[in-house]
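Below is one structure, written out as structure tokens; comments come after it.
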Amino acid sequence: LFYNSSEKHEMDHLASIQESSQRSLEYDTVAKTIRTDVCQKEERCCTKQFEQNGNKAKSSYPTEANSEQDRGKGDPNDDDAVAERRRVAIVDSRETREYQREEIRCKKELEQNGNEATLPTDHHRSSTDDIARPGAVPVAGIDSGLDTGRDSRCSLQTRETSNYSQTIPGALTRESVDLIEARPLSASEVFNEYHHTIHANTTTAEIIGTKSTLQLMNSRHDIIKWAVLVCISGCILVSVVILAFMLKDDAATSEDIGPSTTPTSANTSIGTPTLIPTLTTITDNGKIRCGVGWLDKLEEDLCRILAAVVIGDSERVEIVKLRWTKERWEALDNGTIDILTMLSTSNMDRDIFQRDLEVGFSFSDPFFYDGVTFGGIPPYGECADNLNGVFGVCSGVRVCVTAGSSTYTTVSDLLPNFNIRPVAVYEDLYSGLSDGRCNVIAEGKLDVSENRVREMGYNGTYEVGQNTFSKSPLSVVMRENDPQWVDFVNFVLRALVTAEEQGITNVTAPDFYTTTLFGKRFENMFIDAIGVVGNYGQIYEKHLERILPREGPNLINNGSTGLLYSHPLSFTSQSVPNPMNGSMIRTIRERGVLRCGIPQRIVSSRTIFIQKLKDAAATTKGEDHWKGINADYCYALAASLFQGNNASNVIEFIAFSRNDNPFVLLYEGKVDVLAGITVDAEVDVMEPTTRTGYTFSVPYLYKTKYDTPTSTHDEAISLVTGQDDPQWSSFVHWIVSVTFFAEEKSVTMKSSFSDMPLVYVFGPELEHMFRHAIGRVGNYDEIYTRNIDNDSLRPREGSRNLLNRGPFYGPQQVPFLTSSLEKFQAKTTQEDKKVQPLQRHDSRSRSVVHLRMR
């Protein structure tokens, strides 16, 4: 095939060369003929002009007789007139000599061109001086050899018409001659006119050249044929070798890269451009780059844990020290670091629209729960703790707080501006306390603890307030639009908490779960993570216990206290653009209908909390037929999107049964969101049918099933969206979370428009979204009471469905629930365990030798 294709290509190329040569020959003939005719006309023009000028000069030359005659006619003293006549005569004489030289040049050029135009040869065709070639820039319209500086009286515009068709039969029509005589033509115009009327005539020389070329081609074909065969054989051999190595090495297969991150809905037009996944970047670089702050030892250990999991060596890390300013966000956004292990407060603004960079970020599950507290020199520390900065001695309160931080926003709402002293960087909090710029500092409990203040160099009297004035869930931060990396980090951190709950330490790490959710390459990811430092409790004790004893939300929740935690909103007042065209929010609003997938189940006293149907055969459209906690969250979403419109035509329920796969509906774009879905680790990372992951909102309902008197099965119910539109996923997440916020702030359905704050991070069109959501369904307590409270099997008291509110927050650290643990590979019973050969790892990557047991 290569041989035949190459031969055909050569023949086509040769034919093209022949055609081009023929056209070039014919065109040269026309061009030379035109050139000859031009010069003939030039000769006639110049001769005529010469005669005129000669006669003029002869009659006007100042002879003696004429001079005497002129003197007799005029004033004898009028020398000016005489001088003028003499000057004119001299000029005319010079012109005469110029035309004489012009005549000689034109005759010589005519002879040369006439000879050239007589018989065009191969030499003429190959000459680089040929005129009027396509793409050349002709002078004076046709002849590049003519002098455009000549007197206009000899220009081409004064030529007389001649019949070019008589010079070369069939070359130019009469109309083209008229066109030439009417105005100067460019070379391309003459060529185009000729190209459409010329007839091909192949010369003997060209035929001989063609035969020679064919002989040369035939002599080369055998060489080309064998060269092609050798190349093809070599390529096949190399491909076989490469394929063999790929099949041999599991690490090189796509399974080890992790699950697909293919968009999960019909909307695929938004989001940032596709980037190289962070997992791939870290693997290619052979190290992980982490941004850390003042808790550098803790944050470095988190970095080492991730390095051990991804690379297999906990020392393959690059630590980048960052400040508590926008510097940390810039370093993450521009790719200077792979992850920000510098624990930062997660709130709605940063999730959707961080005000410095105007982009959103992804936050892990909170690693540490903190809150704004005051500490300072007595009695000013107590004054600030009581929010008294005005009366008596308390009027002298001066609070140092880091400018631009979430803490600054909180303190600005608590105290008058004259009490606040902003500092540029975090370290200035402590230097300000030492040099007298302030007598109180405001930060998280870790930062204002006495141990921390002493470490930073302050040795004076000091006291810490008793109150906590905000929530600061501190998390690891990642770039948006990389859901696989976010899932990966979250699963590693959650495994640390689960290991503590199950009593697994760095010594017994090999007894923990394995998983293939991220491919066989990461099968031991949990074991590798725990093996570096230990479980969550071990890490806390190593780095934080001496600064702040572990209590409250940093303890593990055992299911007996509330888990509904209202994350901080931290509203920005910046003007934020509306959702862009192509986004899911924009698509739904333009469509005018929210499509919500919802489970359809048989009504019974045991399942009433899931769904109430007036009629088992009810239509899927219209709110009158759909009741229940799942439906209420669909109504809240619709009210937020459509300015509080409660009409049934703004929401469409798509029902699915137990036998249906609801994720197919979401993947195919038939629904915008799913309600009533159990949180599942496998679905989070890669759902088996659609082969992609999905985003779960914060759970709005926890269930516990008692399989046996001593065995329980825990589940969490959430809304689910695709992973292709982070803005839509965040929108859904915060609509659920704001129902917890409303209960915490005692905002009800009736008071929502007066008590709920405005929202700016989704643009002016959606500023009232929270007010409309709570106005439609109420706060969480109202939702729960209306739908579930009459189910005696699921009382709210003593369950995770309680609000975890201050001032004394309960345990908030959550291990993997049973529904997720079922997706992992657990160890067999003790009597079935068989000792396998020791798996020793490089001492640089693991301080513990693992004994794998099955």
- Query: Does segment 631-639 contain at least one residue that is in contact with a His (Cβ under 7 Å, 6 or more places away or on another chain), hydrophobic (A, V, I, L, M, F, W, C) and either modelled with pLDDT of 95 or more or crowded, with 21+ Cβ neighbours inside 10 Å (or both)?
  - Reply: yes
- Every listed condition ((1) among the hydrophobic types (A, V, I, L, M, F, W, C); (2) open to solvent by less than 20 Å² (accessible area, probe 1.4 Å); (3) not in a helix (DSSP H, G or I)) holds for residue 770 save (3)
- Message: Can you list residue pairs whose Cβ atoms sit under 7 Å apart, with the first residue in segment 545-560 being under 17 Å from residue 497 (Cβ atoms) and the second being open to solvent by 50 Å² or more (accessible area, probe 1.4 Å) and among the β-branched types (Val, Ile, Thr)? Count only pairs 6 or more apart in sequence or on different chains.
- Response: 559/704
- Query: Which of the residues belonging to segment 474-509 are touching a strand residue (DSSP E or B) at 6+ places or on another chain (Cβ under 8 Å), open to solvent by 10 Å² or more (accessible area, probe 1.4 Å) and β-branched (Val, Ile, Thr)?
  - Reply: 486
- Just a yes or no: is a residue in segment 611-621 assigned to a loop (DSSP other than H, G, I, E, B), surrounded by fewer than 23 Cβ atoms within 10 Å (Cβ to Cβ), modelled with pLDDT under 95 and touching a Pro at 6+ places or on another chain (Cβ under 7 Å)? yes
- Would segment 751-772 turn up any residue that is under 22 Å from residue 594 (Cα atoms), of a type in the set (Gly, Ala, Ser) and without any contact (Cβ under 8 Å) to a residue 40 or more places away in the chain? no
- Message: I'd like the full set of residues that are β-branched (Val, Ile, Thr) and closer than 16 Å to residue 483 by Cα, limited to segment 712-731.
- Response: 720, 721
- Note on the structure: Going through (1) under 26 Å from residue 744 (Cβ atoms); (2) at pLDDT below 85; (3) not charged (D, E, K, R) one by one, residue 843 fails only at (1)
- Taking segment 291-316, which residues are of a type in the set (Val, Ile, Thr) and crowded, with 21+ Cβ neighbours inside 10 Å? 292, 305, 309, 310
- Total residues in segment 362-392, condition touching a Lys or Arg at 6+ places or on another chain (Cβ under 8 Å) and closer than 30 Å to residue 299 by Cα: 7
- Message: Any residue that is assigned to a loop (DSSP other than H, G, I, E, B), at pLDDT 95 or above, within 17 Å of residue 493 (Cα to Cα) and out of contact with any strand residue (DSSP E or B) (no Cβ under 9 Å at 6 or more places or on another chain) - is there at least one of those in segment 284-292?
- Response: no
- Query: Restricted to segment 536-559, and to residues that are open to solvent by less than 10 Å² (accessible area, probe 1.4 Å) and under 37 Å from the mean Cα position of the chain (by Cα), which residue is farthest from residue 492 (Cα to Cα)?
  - Reply: 554
- Item | Matching strands (runs of 3 or more DSSP E) fully within segment 330-417 where at least 2 residues are open to solvent by less than 20 Å² (accessible area, probe 1.4 Å) | 339-345, 368-370, 372-376, 399-402
- Would you check if residue 668 is over 18 Å from residue 365 (Cα atoms) and surrounded by fewer than 24 Cβ atoms within 10 Å (Cβ to Cβ)? yes
- If you go through segment 573-586, how many residues are hydroxyl-bearing (Ser, Thr, Tyr) and either open to solvent by less than 10 Å² (accessible area, probe 1.4 Å) or at pLDDT 95 or above (or both)? 1
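The values are calculated or read from the model by the stated rules, or taken from the named source; none is laboratory data. The structure presented is a predicted model; accordingly, all values stated were derived computationally and were not measured. Every residue, glycine as well, gets a Cβ built from its backbone with ideal geometry; the counts of neighbours run over all protein chains shown. The protein model used for the area step is the full one, side chains on, heavy atoms only, and it has no ligands, DNA or RNA in it. Shrake-Rupley method; radii C 1.70, N 1.55, O 1.52, S 1.80 Å.
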